[in-house]
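None of the figures in this text is laboratory data; all of them are computed from the coordinates on show. Computed from a predicted structure; not experimentally measured. Quick reminder, even Gly has a Cβ in these numbers, built from the backbone with ideal geometry, and neighbours come from all protein chains shown.
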Amino acid sequence: MVRDSIIAALDVGTQKVTTLVAQVKDGGKISFIGKGVAENSTGLIAGDVVDVQATAKTIQASVAEAEKISSKHIKSVFVGISGERVTSINSHGVVLVRGGEISQADIDSVIYQAKTVTMSDDSDVINVEIGEFTVDGRAGIRNPKGMAGRKLEVDVLVVTASRTMLKNLIKAVEDSGLRLDDVLVSGIASSWAVLDEDEKKLGVAMIDIGDGVVDVAVYRNGDPVYVSAVPTGGRFITDCISKVMKIPPTEAERIKREHGSARPEYVSDTEEIDTIVIGTNAATTKKAKQLASVMTPTIEEILIAVKQRLQESQKESYIQTNVVLTGGTASLKDIKFVAEDIFEQPVRIGQPKIDDTDSGFQKVLSSPSFATAVGIVNYFAVHNNIKFGKKEGIAGFFARIAEILRKFVE
């Protein structure tokens, strides 16, 4: 556990870049002391950096705001990563124990074996989530070090990402003047902000609906067993509103958030919305019921795409408690009811759990839109992964991935 340390988290999203600064106090209590949000309308498409310089400038703006509020100079950041080219692989490792007592070397060896998986030439391991160990057939062991046994096994979830995608993201971070401490797949990050331990143990799906990517994570027996990213999100809803209702995209986004509903039957026939006509900026009014009727099919398409991904991965049966929706789009009115119809499961809206009542950020950061950034802080406050030296950069990141693995079980 990091103590008396400053953690800076960077969530580089398709719509905005969020920076959070937190202090991890003695005893592990996390206190948020800074926040910065900057619009990122052109730098990313579906999680991929398509304009390094635009993204770097947006990162600088977000970090500058967080520095001003926190009165801290941010030199390095922990970064969330998402995108269609993020995948996960369930893997199992087995080693024979020498000497009859399990040592750290045995643990390192079985993890190394488990995480050595076949992947494409353009992929790299970004996270290895250690699950349960099994010693001589006895499962459910969290820390086998020092136990007597002959055979040691482990289940891990290996998360990979496109090397090209990683390099572009890292380049944008470095061009903004920052060092990269480590990366964390966004699905795992958001889970650390919104999921309960009981949900993780029994089986839960976390669905973070961002602007351009939906991050999915499935947990069972307390551990992540699947992560993925679906290239869709809130931007598709906004685009549909803009086209059908013939209003500018900025207005479509505004009325979506302020007046939108995923259930047209819940909306009054008489409610009207003031907006403007695309191309002329002439004032006009639209029916709120029409807005909901336009939004609902796209919301359904997004959720059906996620359900199909879970079915294809054969992970849908793992969901024994809830489907938890989070991310900015999860704040849309009545989306919970549509999700319950599609997943045929109880659904709740996941809000980041902020225990810090003194900093003044509790209410703001409890919004689902901050799930990934809050989760990055929560995760690295516990895991305290190896930090890069000042000159290591991209090369250092790929060279030191293997060193990080051992930290997960110490």
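Taking the chain as a Gaussian network of alpha-carbon nodes connected by springs under 10 Å, the highest mean-square fluctuation of the residues Asp341, Asp175, Asp48 belongs to Asp341.
Local charge sum around Gly137 (other residues, Cβ-Cβ under 13 Å, Lys/Arg +1, Asp/Glu -1)? Value of the local net charge: 0.
Just add up the charged neighbours of Asp48: K/R +1, D/E -1, any other residue whose Cβ is under 13 Å from the Cβ of Asp48. Can you show the working numbers first?
On the way: positive: Arg85, Arg163, Lys167, Lys171; negative: Asp51, Glu84, Asp122.
Surrounding charge for Asp48 is +1.
Report the equivalent ellipsoid semi-axes for region 86-161 in whole Å, largest first, defined as the square roots of five times the eigenvalues of the gyration tensor built from alpha carbon atoms. Its equivalent ellipsoid spans semi-axes of 25, 11, 9 Å.
Distance between the modelled labels on Arg257 and Lys25, one decimal in nanometres: 3.1 nm (7 Å Cα→Cβ projection). Each other residue within a Cβ distance under 11 Å of Gly187 adds +1 if Lys or Arg and -1 if Asp or Glu, for a net charge of -3.
Relative contact order for region 86-161: what is it in percent, counting Cα pairs under 8 Å that are at least 6 residues apart? Write out the running numbers ahead of the final one.
Details: 163 pairs, mean separation 37.1, N = 76.
Value for region 86-161: 49 percent.
How high is the relative contact order of the chain, given as a whole-number percent (alpha carbon pairs under 8 Å, six or more residues apart)? About 18 percent, as a whole number.
Expressed as a whole percent, how much of the Cα-Cα distance distribution for region 68-111 exceeds 11 Å? Could the numbers behind the result be given before it?
Numbers: 744 of 946 pairs.
The proportion of pairs with Cα distances above 11 Å equals 79 percent.
Between Glu340 and Val277, the C-beta separation translates, for a Förster distance of 51 Å, into a calculated FRET efficiency of about 0.90.
Available extension along the chain between Asn143 and Asp122 is 4.2 nm, counting 0.36 nm per residue and deducting the alpha carbon span.
In what sequence do Ser268, Ser293 fall when counting other Cβ within 10 Å, fewest first?
In order of increasing Cβ crowding within 10 Å: Ser268, Ser293.
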